[in-house]
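Okay, so here's the structure we're looking at.
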Amino acid sequence: MHTYSGRLTYLLAILFLVGLLTGCSHGVFDNPRPFEPEVAETNVQTSAEPIATTPAATDTQSALRHKPTPPPADVWQRIRQGYRLGAVENPRIDSAIRWFTANDGVIRKSSERATPLIHHIVEQVEQLGLPTELTLIPLLETGFRVHARSPYGALGPWQFMPATGRQYGLMRTAYLDQRRDLVLSTKAALNYLSDLHAQFEGDWLLAIAAYNGGPGNVKKALQGKRLSFWEI
């Protein structure tokens, strides 16, 4: 089985298991930065005469009434609300779900390491309007280990290879490797995933497979045909 096939299968299994973790993570992903409180709408009258409502005041009151609801503080719930890949049924996913369910400590330990990282990643994904499933790629790649290095030279939470890192602006010197930088590597990874999404004509599963296994390998598997991920 190709590496990218196995990785994507496990990612889809993790997406299902996020639902099991919601509400039972014991505060691991509780947001340490509370959202700004809603501004209370008041109508204080200082005299017996009624206060005239100007158009500007009306606009302000309307804006307060229709102020967008802030996203939930629970990061798992925020991720679930932004799902866009849709439900996928496949025996390989069922097998991966059974494995993760039997070894749930893998995800829980990864979630503990993710505490200082996950909020920034979710915010960047949401700002770019991307599927929040992408937030969980570092969980699968490295278990959110910032200094993780693969035997093939990939480094950092998003596991950038040196050449791809340079292509997306990540500096690498004898003293510095920005592939370990959460902010810079997250920006680079989301740009790379967006480019792959466009390259594979809007198919996120192929884009994620290409992120992990290389776009050249995915194109070779497609053999110039319009096939789905599961067909290749």
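Electrostatic tally near R172: other residues with Cβ closer than 15 Å to its Cβ, Lys and Arg +1, Asp and Glu -1, net +2. When +1 charges are put on Lys and Arg Cβ atoms and -1 charges on Asp and Glu Cβ atoms, the dipole computed for the range 95-207 relative to its Cα centre reaches about 540 debye. Extending 7 Å from Cα along the Cβ direction at D195 and again at Y152 yields two label points whose distance is 1.8 nm.
Using only Cα coordinates, the Kirkwood hydrodynamic radius of the range 129-232 works out to 14.2 Å.
Scalar couplings 3J(HN,Hα) for the range 222-232, obtained by applying the Karplus form with A = 6.51, B = -1.76, C = 1.60 to θ = phi - 60°, are 6, 6, x, 9, 8, 10, 7, 4, 6, 6, 9 Hz; x denotes Gly and Pro. Near E201: Cβ cut-off under 15 Å, other residues only, Lys/Arg at +1 and Asp/Glu at -1. The net charge is 0. Label-to-label distance for D104 and E126 is 2.6 nm, based on points extended 7 Å past Cα in the beta-carbon direction.
Around G153, under 12 Å between beta carbons, what's the net of Lys plus Arg minus Asp minus Glu among the other residues?
+2
Beyond 30 Å in Cα-Cα separation lie the following of the pairs K109/K219; K109/K220; K187/K219: K109/K219; K109/K220. Note on R166/D94: beta-carbon distance plugged into 1/(1 + (r/R0)^6) with R0 of 35 Å gives a FRET efficiency of 0.35. Computed with a 1.4 Å probe over protein heavy atoms only, the accessible area of Y168 comes to about 50 Å².
The values are calculated or read from the model by the stated rules, or taken from the named source; none is laboratory data. The model shown is predicted, which means the values in this text are computed figures rather than measured ones. Positions of Cβ are generated from backbone atoms using ideal geometry, with glycine treated the same way; all protein chains shown enter the neighbour counts. These area figures cover heavy atoms from the full protein model, side chains too; ligands, DNA and RNA do not enter into them. Shrake-Rupley method; radii C 1.70, N 1.55, O 1.52, S 1.80 Å.
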